[in-house]
Amino acid sequence: MAIDLPPTGGATRVPVSFELYPPRTDAAAIALGRTIDKLTEVDPAFISVTFGAGGSTRDRSLTVLSYILENTDVEPMAHLTCVGSSAAEANGLVRRFLDAGITSFLALRGDPPLDGTPLSVGDLQSASELVQLIHRVQQEREPFSQEAVRGTPGGTRLRARPRPERVAVAAFPNGHASSRGPQQEIDALLAKQAAGANLAITQLFYRADDYLAFVDRARAGGVSIDILPGIMPAASAARLRRIAELTEEEAPDELLIALEVEPTEEGRTEIATDFFSDLAAAVIAGGAPGLHLYTHNKHTAVLDLLERIGHVPAALNRPIKENA
Ligand code: FAD
């Protein structure tokens, strides 16, 4: 199924989307508002907001999503995780987000607690189950709500309740940590598609062929939903190593060494922009339907990348002071 993304201009202009995480402090929240303003200027298809394991960031995630909904024309996408939640808890969570007007979701299993606590019987076990639940919650809701008409005492009118539009899921071109082999990734994605997902977003990767070969395998296996490549233009070797610990995706040695030996921040930024804009251009040339950029709550690196591949005019990416 093709996803409904806004049209773009030139040949290399595919739709872009961004990922943010909920801020931890008031100062970071103010800085994030400015970042969202800058990201919004390039007309993204959506901006997604991560969700802490076990719902730890639920309220902060919802605050950022509501900010995007109320202050921009960009579609906010809520990441939701289900591991450790009963069906009733997950049902309540989905309802709460729908009631707040959020209609796009990235349905994730999430990671079980690191201490090895076993999951309870009845807890949701996979992203596919959460995808199904999002659709079920929608079907169970009244399609309309009644609201008071201002200025008409006792007057009410029916208003259509927001419906889930995009239900995205994660995909892992190089395999999930728990995967037993490449076919399992395709089976997992097929299961998510069968459950009702209409978009996949990949884990970050560093070689265009990782993504392109995965998409080929997915298509051969019967996956028809769009698969957006996820790219994180990180400009520090320490950050790339930390990402590898979290995702098991190792950055190429050439990139790590180049960033390590370069003494200036400006030089490191240039190295990262070169590397990740080449990666973005290669996946677009290979047919990627868009680009999903992990921002780390900063706009400059992702806008530099988009500027380099001709997606945004340079004038849009002039510095405002970024959150440190
Ligand atoms: P699932 O797809 O349910 O399962 C993971 C793996 O298990 C599959 O890839 C596959 O190997 C196997 N598997 C599952 N079902 C099947 C099946 N039916 N057949 C065969 N194999 C199967 N985590 C957070 O806590 N918060 C976030 O906001 C967050 N955002 C993310 C955004 C993206 C784009 C990505 C890629 C990951 C994100 N994560 C987030 C991390 C994610 O929660 C973890 O990677 C988690 O371990 C797996 O979640 P999942 O939804 O891919 O799980």
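The values are calculated or read from the model by the stated rules, or taken from the named source; none is laboratory data. The structure presented is a predicted model; accordingly, all values stated were derived computationally and were not measured. We place every Cβ from the backbone using ideal geometry, glycine too, and count neighbours over all the protein chains shown. Only protein heavy atoms, including side chains, enter the accessible area calculation; ligands, DNA and RNA are left aside. Shrake-Rupley method; radii C 1.70, N 1.55, O 1.52, S 1.80 Å.
Along the axis of the charge dipole computed for the chain (Cβ charges of +1 for Lys and Arg, -1 for Asp and Glu, origin at the Cα centre), the listed residues 66, 247, 39 are led at the positive end by 66. Based on protein heavy atoms only, the chain ends up with 49 Å² per residue of surface accessible to a 1.4 Å probe.
Could you work out [θ]222 nm for the chain from helices alone, using -39500 (n - 2.57) per DSSP H run of at least four and dividing by all its residues? Round to the nearest 500 deg cm²/dmol. Working shown, then result.
Details: 10 runs with 133 residues, N = 324.
Calculated from helices alone, the mean residue ellipticity at 222 nm is -13000 deg cm²/dmol.
Here the dipole of the chain is about 1180 debye; that uses its Cα centre as origin and unit charges on the Cβ of Lys and Arg (positive) and Asp and Glu (negative). Helix 87-99 and the long axis of the chain differ in direction by around 90°, with both axes built from C-alpha atoms.
The antiparallel fraction among DSSP beta bridges confined to the chain stands at about 15%.
When the chain is treated as a Gaussian network with alpha carbon springs shorter than 10 Å, the biggest mean-square fluctuation among 280, 272, 168 belongs to 272. Distance between the pseudo-spin-label points of residue 34 and residue 100 (7 Å out from Cα toward the beta carbon): 2.5 nm. Note on segment 224-304: the alpha carbon radius of gyration divided by the globular reference 2.2 N^0.38 Å gives 1.12. Between residue 152 and residue 178, the simple label model (points 7 Å from Cα in the Cβ direction) yields a spacing of 5.2 nm. Taking the C-alpha atoms only, the angle from helix 265-285 to the longest principal axis of the chain is near 70 degrees. Segment 123-192 gives an Rg/Rh value of 1.28, both radii derived from C-alpha positions and Rh following Kirkwood.
Percent of accessible area on the chain owned by carbon and sulfur, 1.4 Å probe? Intermediate values should be presented prior to the final figure.
Working: 8150 of 15770 Å².
Ligands and nucleic acids excluded, carbon and sulfur give 52 percent.
Would you mind checking the tilt of helix 208-220 against the longest principal axis of the Cα atoms of the chain, expressed as 0 to 90 degrees and rounded to 10? Helix 208-220 sits at roughly 40 degrees to that axis.
Could you tell me what fraction of 2.2 N^0.38 Å the Cα radius of gyration of segment 48-112 comes to, as a two-decimal ratio?
On the way: Rg = 11.3 Å, N = 65, 2.2 N^0.38 = 10.7 Å.
Its radius of gyration relative to the 2.2 N^0.38 Å reference: 1.05.
GNM remark for the chain: springs join alpha carbons under 10 Å apart, and the peak mean-square fluctuation among 178, 48, 277 falls on 178.
Between 184, 146, 138, where does the largest GNM mean-square fluctuation fall for the chain, given springs only between Cα atoms within less than 10 Å? In this elastic network of the chain, the residue with the biggest mean-square fluctuation among 184, 146, 138 is 146.
What area, in nm² and to one decimal, does the C-alpha convex hull of the chain cast on average over all directions? Write out the running numbers ahead of the final one.
Working: hull surface 75.8 nm².
So the mean shadow area of the Cα hull is 18.9 nm².
Computed from the Cα positions only, the extents of segment 76-216 along the three principal axes stand at 63, 36, 23 Å, in decreasing order.
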